[in-house]
Amino acid sequence: MPENLLERAFNLDSLPTLPSVAMEAIRLMEGQSSTFDSLAELLKNDQVLTGKILRYANSAHVGARREITTIPQAISAAGFNAVRSIILSVSIFDSFSAATAKEQDKLVRFWLHSIGVAATAETLAHHLDFPSPDEAYLCGLIHDLGKLVCYQQFPDSFARICREIEHPSFTMDNELLPLDVEQAIAGFNHVDAGKIIGERYGFPDMLTRSMWLHHQPVIETIAPENDNLPQLIRFADVLCVTHNVGSSYFLTSQPVCHENFHFALENLARLHHLTSRDLNEIMENVHHRVEEVCKILGFWDKEKYQQLLRSANASLGRMSLQLDENNQVLSATNQVLAATCEMHKRLHTELSLKEAAEIICDSVCRAFEVERSLCLIRDPKAHRFVGSLAESHAFHDIELPTTLADMTKRKKYATSDIEIEAANRLEQATHDLVHGRIDESRMFSIMSGSKFLATFFVADKNSRWRKEPLLGQLLVDFSSGPDFIRNGVGELQQNFEAFAAAAGTAIERLLLQQAVNRQARKLAETSRKMEQKQQQLFHSHRLATVGHLAYGTAHEINNPLTVISLNLQLLKRMLKQSMADKPEPAKRLDIISGQVERIASVVTNLMSFAKPTEPKFDPINVVDVIKKALSMMESRESLANITIDNQLPAKLAAVLVDPQQIEQVFLNLFINSCQAMPDGGTLTIQAAGDQDFIDVSVRDTGHGIARKDLGKVFDPFFTTKLEGEGTGLGLAVCHTIMEHNKGTLRVESVEGRGTTFLVRLPLDKSDRLRQMKKILKTRKKEENSEEENKYRILVVDDEESLNSVVRETLQAAGYSAEGAYDGVEGVEKLRNDKYHAVLLDLRMPRKDGFSVLKFIKQEYPEIAVVIITGHASMAEIQETAEKGAFACLKKPFMLDKMLDTIARAIKAQESPPTKPA
């Protein structure tokens, strides 16, 4: 309920008026202008209160040497804070007793609880070094005043709340808390009411906050500061509720203790390192203090109080038995979970179905401590159920049919009782699935006198197995296991269902992986066949190309040979006429030589295409290769009216290619581009790179290539030049060279606007690797230099996420931190390096923390060890201290506390650690 509506719900004007002396005492708490004399003056008018104060001052608790007869003497002997506590106790008690006279006998239990919480808070404040234990007493005294006002103004609702809380169903409900019941019935709770009352009375802030916040959970150690008094009152309230010191729900017939309070007490004791003995000593002191205060107030009844304590002991005893039963259940559940996790680790996708069934049988036997189990899994390929039967740690292969017709012949397949039971269950499940009676996995009920528990696994209706959804079965013989008939089948059935669900998921994953593997094999086989087809197609294309090549070769060779033949005939005639003194013979011989060179060029290009030379890879700068090719092109071709626009950067990343072959490619492209611009134009060269390649573009502004011819540009002997101006092998050879250099060559062209050749060259990754190694080497030197100046911490804990968080925190704090995930790894790291401190878990696989601690203190006593544990008993923690541990942090711990402990542990070392020999 919003606070403004809550204020309207309460009749604040009907609240009892506190006496002037009580308000004067409160003002003194706030440090307002008032004097002890003024307080004594007010007490003169209240003979009853004066008598109770003098009675307290003369009690054994104060221990005055002479009789106290005046208020100033009482203040001097007992202390102002003690007198102030008596004043407020009596004033509040008298004021509200008059307003609640109807239930005065039952109200005594409320005051017992309030005084008990006050005394407990005072004792805890002393124990935890709070600066003002007396103020803790006052906060405890009035912490539940909201309940009293609720009873005064809403008696029917308060009575209903008490009846609901007293009902057995409430004490067994771990989810619903008393505050929830108050909220549900009244629309508000007593802590919100307490805040409004404190503000109405003008109480100091710490008193109001204690009335408001004393039910907030405590999640860390309570620091001894007045701001934390509400947390201290929470601790005190939990102690008094669990020990039946009175009852704030005083209309109940018996004090009520919700299980939540026992859990809170266990948590608070752990946070403050309090043993059962410590708590008993605290409560013994509280009982004496309650008796003393109640005698002063005049309503002490020792017999009734002892009765409440006996009730508390009985309640604690019942709770202890319940906790033992819960621990047994939890232990069994943990055993099942451990076996389930181990099963998942062992069930990898490379297993056969029978091997997987054997692992499931072994795991279920370990989980439930039984001797016999049977697991069956559908084999889609064999159309049978295959699996394993576990008997006394031995395993036997087993198979059953998948069809109903064959299942009726179970005697042929099943011989033992567990096999017959499995066959019967499978037949029933298959029959139910066929008739649509079930559509998901479930467990069969255990019939009276049966010793078997069984489940079967059904695939999702949308999965690939929807036509044959029954994937398998798990059946366990519990005749040799726990006596679940006597102890109840509920917990066992719940654990078995959890294990079966995990096993079913694993089976479906295994079957899916096997299906994927089969598809992968089919795909691989299809790819292999496709590759064969591609090779055949390539071979056919190659043959066609060779035929085309042979025709072109014959055509190209025939013309020069004709010229040679004609010139030879002329040469013969001239020689016959004895004209050796004339220059014509030499001229004719030059012509023959030129034609022979032409033939040689054609044959060379032909051989380059048919069987190119293997490239010799070297890391090169492609810019240098392009510049060299440009220089060679300028010496061979006329560049009249052609502008070279070289936009290459000064340097690009190195590429790994054959430099001579790539130079030949660019030279050929440049020559082709110039020949495509007979009337002049611009040759533009650009380059850019990414993580894997360098892309070079060679663009001309020539006549371009027709779209119909683009697909034939790299075919051998294709050319658009006039007869005799080219062989048509240049671009074909370039394309082949690029393929052998692990690059590509593409062409883009628009007829009438020009052509662009795109050359892609692979980067030299080895060069990048060398640079990275150099950078890493430099960084490592710098890091090693920094590491030498850092304290080095080893974190040994098998919880990977916790280990990681602790190391990150240590590194952020300036330490050098390394991790080990069990004791064996931790010892190995200690032997091979030096550390200043070790954070060590006690519960680890392979080698536990006690063994590692012993090793450290024997071999490296200069290393500080801080224990981090979540399950160790007080005796085990004491054992680590005796073996040399500097401190122990109980999980969950605060990171700041961990850093402070590490700093103190390192500071305590008198000499730096020595590196092991």
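Could you look through the range 797-829, keep only residues that are open to solvent by less than 30 Å² (accessible area, probe 1.4 Å) and closer than 19 Å to Pro845 by Cα, and pick out the one that is nearest to the chain's Cα centre (by Cα)?
Asn803
Would you confirm whether any residue within the range 655-674 is over 55 Å from the mean Cα position of the chain (by Cα) and part of a loop (DSSP other than H, G, I, E, B)?
Scanning the range 655-674, I find no residue that is over 55 Å from the mean Cα position of the chain (by Cα) and part of a loop (DSSP other than H, G, I, E, B), so the answer is no.
Can you tell me how many residues in the range 356-367 are within 30 Å of the chain's Cα centre (by Cα) and open to solvent by less than 10 Å² (accessible area, probe 1.4 Å)?
5
Can you tell me which residues in the range 737-780 are acidic (Asp, Glu), under 21 Å from Ala687 (Cβ atoms), modelled with pLDDT under 90 and open to solvent by 70 Å² or more (accessible area, probe 1.4 Å)?
Glu739
With Lys381, Lys412, Lys345 as the choices, which residue is at pLDDT 75 or above, surrounded by fewer than 19 Cβ atoms within 10 Å (Cβ to Cβ) and assigned to a helix (DSSP H, G or I)?
Selected residue: Lys345, the only one of Lys381, Lys412, Lys345 that is at pLDDT 75 or above, surrounded by fewer than 19 Cβ atoms within 10 Å (Cβ to Cβ) and assigned to a helix (DSSP H, G or I).
Mind checking which residues of the range 193-220 are open to solvent by 50 Å² or more (accessible area, probe 1.4 Å), modelled with pLDDT under 90, outside any loop (DSSP other than H, G, I, E, B) and not basic (Lys, Arg)?
Within the range 193-220, Glu199, Asp205 qualify.
Only one residue in Thr402, Thr333, Thr340 is among the hydroxyl-bearing types (Ser, Thr, Tyr), at pLDDT below 85 and closer than 25 Å to Leu470 by Cα. Which one?
Thr402
Here is a yes/no grid of residues against (1) at pLDDT below 90; (2) open to solvent by 20 Å² or more (accessible area, probe 1.4 Å); (3) not hydrophobic (A, V, I, L, M, F, W, C):
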{"position": "Pro72", "(1), (2), (3)": "yes, yes, yes"}
{"position": "Val83", "(1), (2), (3)": "yes, no, no"}
{"position": "Ala98", "(1), (2), (3)": "yes, yes, no"}
{"position": "Gln104", "(1), (2), (3)": "yes, yes, yes"}
{"position": "Val108", "(1), (2), (3)": "yes, yes, no"}
{"position": "Ala121", "(1), (2), (3)": "no, no, no"}
{"position": "Ile142", "(1), (2), (3)": "yes, no, no"}
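Failed condition for Leu177, given (1) open to solvent by 40 Å² or more (accessible area, probe 1.4 Å); (2) modelled with pLDDT of 85 or more; (3) closer than 18 Å to Cys240 by Cα, with all others met?
In the conditions (1) open to solvent by 40 Å² or more (accessible area, probe 1.4 Å); (2) modelled with pLDDT of 85 or more; (3) closer than 18 Å to Cys240 by Cα, Leu177 misses (2) alone.
Please determine whether any residue of the range 664-675 is open to solvent by 50 Å² or more (accessible area, probe 1.4 Å) and either closer than 27 Å to Glu614 by Cα or in contact with a His (Cβ under 9 Å, 6 or more places away or on another chain) (or both).
There is at least one residue in the range 664-675 that is open to solvent by 50 Å² or more (accessible area, probe 1.4 Å) and either closer than 27 Å to Glu614 by Cα or in contact with a His (Cβ under 9 Å, 6 or more places away or on another chain) (or both).
Only residues that are in contact with an Asp or Glu (Cβ under 9 Å, 6 or more places away or on another chain) and of a type in the set (D, E, K, R): list them for the range 786-845, please.
Arg792, Asp797, Asp798, Glu799, Arg807, Glu818, Asp822, Lys829, Arg831, Asp833, Asp841, Arg843 - these are the residues of the range 786-845 that are in contact with an Asp or Glu (Cβ under 9 Å, 6 or more places away or on another chain) and of a type in the set (D, E, K, R).
Being touching a residue at least 40 places away in the same chain (Cβ under 8 Å), in a loop (DSSP other than H, G, I, E, B) and farther than 19 Å from Ala676 by Cα is the filter here; which residues of the range 690-715 pass it?
Passing the criteria: Gln691, Asp692.
Quick one: count up the residues across the range 855-870 that are over 10 Å from Ala885 (Cα atoms) and assigned to a strand (DSSP E or B).
Of the residues in that region, 2 qualify.
Search the range 129-145 for residues that are without any contact (Cβ under 8 Å) to a residue 60 or more places away in the chain and pair each with any residue that is open to solvent by 20 Å² or more (accessible area, probe 1.4 Å) when their beta-carbon atoms are under 6 Å apart and the residues are at least 6 apart or on different chains.
Pro133/Glu122; Pro133/His126; Asp134/Asn81; Tyr137/Glu122
Condition first: of a type in the set (Asp, Glu) and either outside the structural domain of Gly198 (by the TED database) or modelled with pLDDT under 85 (or both). Now tell me which residues in the range 146-173 satisfy that.
Across the range 146-173, the qualifying residues are Glu166, Asp173.
Need the failing condition index for Pro892 against (1) closer than 19 Å to His273 by Cα; (2) surrounded by 20 or more Cβ atoms within 10 Å (Cβ to Cβ), just the number.
Every condition holds for Pro892 apart from (2).
Which residue out of Gln647, Gln660 is within 19 Å of Pro762 (Cα to Cα) and surrounded by fewer than 19 Cβ atoms within 10 Å (Cβ to Cβ)?
Answer to the check: Gln660.
Report yes if Ala654 is small (Gly, Ala, Ser), surrounded by fewer than 16 Cβ atoms within 10 Å (Cβ to Cβ) and modelled with pLDDT under 90, otherwise no.
Criteria not met by Ala654.
Kindly indicate whether Val852 is part of a helix (DSSP H, G or I) and surrounded by 22 or more Cβ atoms within 10 Å (Cβ to Cβ).
Criteria met by Val852.
What pairs come up if the first residue lies in the range 259-272 and is without any contact (Cβ under 8 Å) to a residue 12 or more places away in the chain, the second is open to solvent by 20 Å² or more (accessible area, probe 1.4 Å) and assigned to a loop (DSSP other than H, G, I, E, B), and their beta carbons are under 9 Å apart, counting only those six or more places apart or on different chains?
Short answer, once both residue conditions are applied: Phe263/Asn174; Ala269/Thr275.
So, in the range 830-849, exactly how many residues are open to solvent by 30 Å² or more (accessible area, probe 1.4 Å) and touching a His at 6+ places or on another chain (Cβ under 9 Å)?
1
The values are calculated or read from the model by the stated rules, or taken from the named source; none is laboratory data. Just so it is clear, the structure is predicted and the values come from calculations on it, not from any experiment. Cβ atoms come from the backbone with ideal geometry, glycine included; neighbour counts cover every protein chain shown. In case anyone asks, the SASA skips ligands and DNA or RNA and just uses the protein heavy atoms, side chains included. Shrake-Rupley method; radii C 1.70, N 1.55, O 1.52, S 1.80 Å.
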